[in-house]
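Undergrad: Structure in structure tokens, see below.
The values are calculated or read from the model by the stated rules, or taken from the named source; none is laboratory data. Bear in mind the structure is a predicted one, so any value in this text is a computation, not a measurement. Note that we place each Cβ from the backbone using ideal geometry, even for glycine, and neighbour counts take in every protein chain shown.
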Amino acid sequence: MPAAPLPADVAERIATLRRELDHHSRLYYELDAPVLPDAEYDRLFRELQSLEDQYPESRSPDSPTQRVGGGRLDEFEPVIHVVPMLSIRTETETGPAGATAFDARIRRDLALGPEDPPVEYNAELKYDGLAISLRYEDGVLVRAATRGDGQTGEDVTRNIRTIRRIPLRLKLSEPPAVLEVRGEVYMALAEFEAFNRRAEAGGEKLLVNPRNAAAGSVRQLDSAITARRPLSFFAYGLGEVAGWPLPGTQSGILDALAAAGLPVCDERTVAHGGEALAAFHSRVGERRASLPFEIDGVVYKVNSLALQARLGFVTREPRFAVAHKFPPEEGVTEVLGIEVQVGRTGALTPVARLRPLFVGGVTVTNATLHNEDEVARKDVRVGDTVVVRRAGDVIPEVVRVVPGDGLRAEPFRMPDRCPVCDSLAAREEGEAARRCVGGLFCEAQRKQALLHFASRRAMDIEGLGEKIVDQLVDQGLVRTPADIYSLTRESLASLERMGDRSAENLVAAVDRSRRTTLQRLVFALGIRNVGESTARDLARHFGDLPPIVEASQEALMTVPDVGPVVARSIREFFDQEHNREVVTALSAAVQWERIAVESVPRPLAGVTFVLTGTLPTLTRDEARAKIEQAGGKVAGSVSAKTHYVVAGAEAGSKLEKAQSLGIHILDEAGLLELLRQHDKSLSAIAKETQ
């Protein structure tokens, strides 16, 4: 039976909601000028989501609801680039030489003489991110792909849809049949640093650098992870085009892309001749450190598309363009010593103390050696002559040792004890860094540990922020989280800018946190590899804190999703006497809810679920929470060990795989019915379906 037509009033409401959400999203993400409270935006979003669920035929690729990340991809499908994504020749000559050499080459290829006018170029920035191709059909984003080898890339459409600076529909009254936009996904420096601060506070893995962060985020198999990453995009060119009158110049293309609603960088200019290109290169080089994103050079393109066509290509590179990079700045100096620094997360980093060297516009006295594997690989020793590199704002690093004829010092060895607190410095399997397990006892980690303890998702002590923690530690008022509960209005009076009212509010917030849950307390301790989910599982499994403190590594591994690495982290934490002392002190200051383990209903213990598609009323997180509350486990992929696949609208390859393996398929109603059951025979069902 054909579906009932979409009621006119519903269609009008859906269109209105989409317009409002797009408008407010632009105010928030592009103009940084939000006017709508988050709660109201969420309400409008949920209303649109509900209407599209009720009338699936109304759902379209450009709807704001299609930005929501969720669902794990089994693999990336290959995408053939109709117009290849070619690389650009790189010019590394410093100063004006690189620009004038390119201009001379262009004039020679165009057979221009000294009497002919200068060639007009478009000069742009060379972003340090991941090249992406966006395919719009009739103005709607239908596919996004990586560069790959230039001929074949990977389909990353679902992940790219989560980037709010990329429009799902172009702002064109008469959009072309096909418009393939080429550009760069990147992560702004401020966003990168803010993300890492949040990750560190939550005990999560930090991103290495903005470029790797952008590339890794786009290629996540789980688009929900990409959605949480603060990615941005700049358009800089075109691929396949059909039904769109091309401007006659590269600068005109960028202007047209900006008019269509695509983000285009303003740091560009039209330059006439090689000297103008060199001036642009120099000007950008001077401003490079103040740009809000990373670049590694500038790009020159002959501005006229007609001249571009005339110049053509050589092998896999266009003749009409070049990337003029900013070369890394290097110098040679002597290693005076090697010290070990302890970071806020406990990571031990070897640092070379150098004879002062002026490089990259600053005097460098220290350079990172990264980790013990890098020290061994480069074989850096005290007294060696080394090459040091400083590129932009990157921390100076030792690149290599300059061979010499004299005797050398003994090879450097990383300590197995923390140089700050003398706790064990352990290196987990598969990790490059050693880490101090001293946690709260280690002064190098103390401030960050206290901030984590007081964070909203841990003990939720409102007002105990970074500036207050800095003063409390520096003045010796707080050494461990237990000391927080000894703070009084009088003891806080010595802090800078701490009035009576502020002191009273902070003391009240501390008192409110005295009553908490076991899950929050375990998470607040800041045990490495123990996030909120693991803290919850530990609380449910053991019911109280003392059993967790005393549990053997083998006993810890009986907790769902706790493997050898996590169990070892927990055991190492509680094996430190100072950590046990902190726990004892907290036990006297804090009351938490004990859980009667035998009374915890776990009807789905041992049962593995996989979620796929969009459920009618439950979000992915809500469904996961319900399953885990009943003792079940939610996996990311379907295998022979999967017991149930819960499938919603637009379920993909996971559903097909489940059907091929004969795995039980549930819809949302079936899942809710299963969750309502308290029959202990569910574990037997799980065994039968394996």
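Undergrad: Under 6 Å between Cβ atoms, at least 6 apart or on separate chains: pull out the pairs that start in the range 495-506 with a residue that is at pLDDT 90 or above and end on any residue that is aliphatic (A, V, I, L, M) and not in a loop (DSSP other than H, G, I, E, B).
TA: Note: pairs meeting the criteria are Ala503/Leu492.
Undergrad: I want to confirm something. Restricting to the range 517-542 and keeping residues that are buried (at least 19 other Cβ atoms within 10 Å of the Cβ) and not in a helix (DSSP H, G or I), which single residue is modelled with the lowest pLDDT?
TA: Arg528
Undergrad: Given the conditions (1) assigned to a helix (DSSP H, G or I); (2) in contact with a helix residue (DSSP H, G or I) (Cβ under 7 Å, 6 or more places away or on another chain), which single one is not true for Arg197?
TA: The one condition Arg197 does not meet is (2).
Undergrad: Another question, then. Could you look through the range 167-188, keep only residues that are among the aliphatic types (A, V, I, L, M) and touching a helix residue (DSSP H, G or I) at 6+ places or on another chain (Cβ under 6 Å), and pick out the one that is nearest to Ile132 (Cα to Cα)?
TA: Keep residues of the range 167-188 that are among the aliphatic types (A, V, I, L, M), which gives 168, 170, 172, 177-179, 181, 185, 187-188.
This time we only want the ones that are touching a helix residue (DSSP H, G or I) at 6+ places or on another chain (Cβ under 6 Å), so: 185, 187.
Values: Val185: 7, Met187: 14 Å.
This residue is Val185.
Undergrad: Checking the conditions here, which among Ala433, Ala449 is among the aliphatic types (A, V, I, L, M), modelled with pLDDT under 90 and assigned to a loop (DSSP other than H, G, I, E, B)?
TA: On the way: Ala449 fails: assigned to a loop (DSSP other than H, G, I, E, B).
Of the residues listed, the single one that is among the aliphatic types (A, V, I, L, M), modelled with pLDDT under 90 and assigned to a loop (DSSP other than H, G, I, E, B) is Ala433.
Undergrad: Turning to a different aspect of this structure: Could you grab me the full set of residues in the range 164-178 that are within 22 Å of Arg19 (Cβ to Cβ) and assigned to a strand (DSSP E or B)? I'd like the intermediate steps shown before the answer.
TA: Restricting attention to the range 164-178, the residues satisfying the condition of being within 22 Å of Arg19 (Cβ to Cβ) are 164-175.
Matches in the range 164-178: Arg169 only.
Undergrad: Filter the range 543-568 for residues that are touching a strand residue (DSSP E or B) at 6+ places or on another chain (Cβ under 9 Å) and under 25 Å from Cys421 (Cβ atoms); which is surrounded by the fewest Cβ atoms within 10 Å (Cβ to Cβ)?
TA: Here is the first cut: in the range 543-568, the residues touching a strand residue (DSSP E or B) at 6+ places or on another chain (Cβ under 9 Å) are 544-545, 560-561, 568.
Add one more test, that the residue is under 25 Å from Cys421 (Cβ atoms), and what stays is 545, 568.
On the way: Leu545: 20, Arg568: 18.
Taking the candidates together, the pick is Arg568.
Undergrad: Inspect all residues belonging to the range 202-217 and state whether any of them is in contact with a His (Cβ under 6 Å, 6 or more places away or on another chain), at pLDDT below 85, in the same structural domain as Val264 (by TED's automatic domain parsing) and of a type in the set (A, V, I, L, M, F, W, C). Steps first, please.
TA: Looking only at the range 202-217, we keep the residues that are in contact with a His (Cβ under 6 Å, 6 or more places away or on another chain), and these are none.
So far as the range 202-217 goes, no, none of its residues is in contact with a His (Cβ under 6 Å, 6 or more places away or on another chain), at pLDDT below 85, in the same structural domain as Val264 (by TED's automatic domain parsing) and of a type in the set (A, V, I, L, M, F, W, C).
Undergrad: Next question, about the same structure. Just the residues that are of a type in the set (Gly, Ala, Ser) and modelled with pLDDT of 80 or more, please, taken from the range 328-362. Steps first, please.
TA: From the range 328-362, those of a type in the set (Gly, Ala, Ser) are 331, 337, 343, 346-347, 352, 360-361; that's our starting set.
Passing the criteria: Gly331, Gly337, Gly346, Ala347, Ala352.
Undergrad: So which residues in the range 259-289 are without any contact (Cβ under 8 Å) to a residue 12 or more places away in the chain and in a loop (DSSP other than H, G, I, E, B)?
TA: Asp266
Undergrad: Among the listed residues Arg427, Arg446, Arg413, Arg400, identify the single one that is farther than 28 Å from Thr333 by Cβ, touching a helix residue (DSSP H, G or I) at 6+ places or on another chain (Cβ under 9 Å), surrounded by fewer than 17 Cβ atoms within 10 Å (Cβ to Cβ) and not hydrophobic (A, V, I, L, M, F, W, C). Steps first, please.
TA: Working: Arg446 fails: surrounded by fewer than 17 Cβ atoms within 10 Å (Cβ to Cβ); Arg413 fails: farther than 28 Å from Thr333 by Cβ; Arg400 fails: farther than 28 Å from Thr333 by Cβ.
Matching residue, one of Arg427, Arg446, Arg413, Arg400: Arg427.
Undergrad: Answer with yes or no whether Val79 is of a type in the set (A, V, I, L, M), more than 30 Å from Ala278 (Cα to Cα), modelled with pLDDT of 70 or more and not assigned by TED's automatic domain parsing to the domain that holds Thr162. Outline the logic, then answer.
TA: Working: of a type in the set (A, V, I, L, M): yes; more than 30 Å from Ala278 (Cα to Cα): yes; modelled with pLDDT of 70 or more: yes; not assigned by TED's automatic domain parsing to the domain that holds Thr162: yes.
Against the criterion (of a type in the set (A, V, I, L, M), more than 30 Å from Ala278 (Cα to Cα), modelled with pLDDT of 70 or more and not assigned by TED's automatic domain parsing to the domain that holds Thr162), Val79 qualifies.
Undergrad: Looking only at residues that are at pLDDT 75 or above and surrounded by 15 or more Cβ atoms within 10 Å (Cβ to Cβ) in the range 673-689, which one is nearest to Ile627 (Cα to Cα)? Quick ask: steps written out before the conclusion?
TA: Quick first cut of the range 673-689, residues at pLDDT 75 or above only: 673-676.
Cutting the leftovers down to surrounded by 15 or more Cβ atoms within 10 Å (Cβ to Cβ) gives us 674-675.
Working: Leu674: 10, Leu675: 7 Å.
So the residue we want is Leu675.
Undergrad: Right, another one. Quick test for you: out of Leu130, Leu168, pick the one residue that is over 26 Å from Gly613 (Cβ atoms) and in contact (Cβ under 8 Å) with a residue 24 or more places away in the chain.
TA: On the way: Leu168 fails: over 26 Å from Gly613 (Cβ atoms).
Just one listed residue meets the conditions, Leu130.
Undergrad: Quick check: is even one residue across the range 406-424 touching a residue at least 24 places away in the same chain (Cβ under 8 Å), under 27 Å from the mean Cα position of the chain (by Cα) and in a loop (DSSP other than H, G, I, E, B)?
TA: Taking every residue of the range 406-424 in turn, none turns out to be touching a residue at least 24 places away in the same chain (Cβ under 8 Å), under 27 Å from the mean Cα position of the chain (by Cα) and in a loop (DSSP other than H, G, I, E, B).
Undergrad: Could you tell me which residue of the range 138-159 is nearest to Tyr236 (Cα to Cα), considering only residues that are touching a residue at least 60 places away in the same chain (Cβ under 8 Å) and β-branched (Val, Ile, Thr)?
TA: Looking at residues that are touching a residue at least 60 places away in the same chain (Cβ under 8 Å) and β-branched (Val, Ile, Thr), I get Thr146.
Undergrad: The conditions are (1) modelled with pLDDT of 85 or more; (2) assigned to a helix (DSSP H, G or I); (3) not aromatic (Phe, Trp, Tyr), and Val610 fails exactly one of them. Which is it?
TA: The number of the failed condition is (2).
Undergrad: Tell me whether the range 574-595 contains one or more residues that are at pLDDT below 85 and in a loop (DSSP other than H, G, I, E, B).
TA: Yes; the residues of the range 574-595 include at least one that is at pLDDT below 85 and in a loop (DSSP other than H, G, I, E, B).
Undergrad: Right, another one. Sort out which residues of the range 603-643 are of a type in the set (S, T, N, Q) and farther than 18 Å from Thr558 by Cα, and write them in order of number.
TA: Narrowing the range 603-643 to residues of a type in the set (S, T, N, Q): 608, 612, 614, 617, 619, 629, 637, 639, 642.
Correct list: Thr612, Thr614, Thr617, Thr619, Ser637, Ser639, Thr642.
Undergrad: Of the conditions (1) closer than 19 Å to Leu110 by Cβ; (2) among the hydroxyl-bearing types (Ser, Thr, Tyr); (3) modelled with pLDDT under 90, Ser290 satisfies every one except a single condition; which number is it?
TA: (1)
Undergrad: Looking at (1) loosely packed, with under 11 Cβ neighbours inside 10 Å; (2) modelled with pLDDT of 65 or more; (3) part of a helix (DSSP H, G or I), which is the one condition that is false for Arg13?
TA: All conditions are met except number (1).
Undergrad: Within the range 132-163, how many residues are buried (at least 21 other Cβ atoms within 10 Å of the Cβ) and either farther than 30 Å from Asp22 by Cβ or hydrophobic (A, V, I, L, M, F, W, C) (or both)?
TA: 8
Undergrad: Also: Need a quick list: strands (runs of 3 or more DSSP E) entirely within the range 76-142 having at least 1 residues that are over 35 Å from the mean Cα position of the chain (by Cα). Can you show your working first?
TA: Working: elements: 78-80, 120-127, 130-137.
The strands (runs of 3 or more DSSP E) meeting that bar are 120-127.
Undergrad: Checking the conditions here, which among Glu191, Glu240, Glu204 is charged (D, E, K, R) and assigned to a helix (DSSP H, G or I)?
TA: Working: Glu240 fails: assigned to a helix (DSSP H, G or I); Glu204 fails: assigned to a helix (DSSP H, G or I).
Within the list Glu191, Glu240, Glu204, the selection yields Glu191.
Undergrad: State the number of residues belonging to the range 280-296 that are surrounded by fewer than 16 Cβ atoms within 10 Å (Cβ to Cβ) and closer than 22 Å to Phe320 by Cβ.
TA: At the first step, the residues of the range 280-296 found to be surrounded by fewer than 16 Cβ atoms within 10 Å (Cβ to Cβ) are 282-283, 286-287, 289-290, 292.
Adding the requirement that they be closer than 22 Å to Phe320 by Cβ leaves none.
Residues that pass the stated criteria total 0.
Undergrad: Test Ser653 against the criterion of being under 20 Å from Glu622 (Cα atoms) and under 32 Å from the mean Cα position of the chain (by Cα), and give yes or no. Write out each step before concluding.
TA: Values: under 20 Å from Glu622 (Cα atoms): no; under 32 Å from the mean Cα position of the chain (by Cα): yes.
Criteria not met by Ser653.
Undergrad: Run Ala39 past the list (1) at pLDDT 90 or above; (2) surrounded by fewer than 18 Cβ atoms within 10 Å (Cβ to Cβ); (3) among the aliphatic types (A, V, I, L, M); (4) part of a helix (DSSP H, G or I) and report the number of the one that doesn't hold.
TA: Every condition holds for Ala39 apart from (1).
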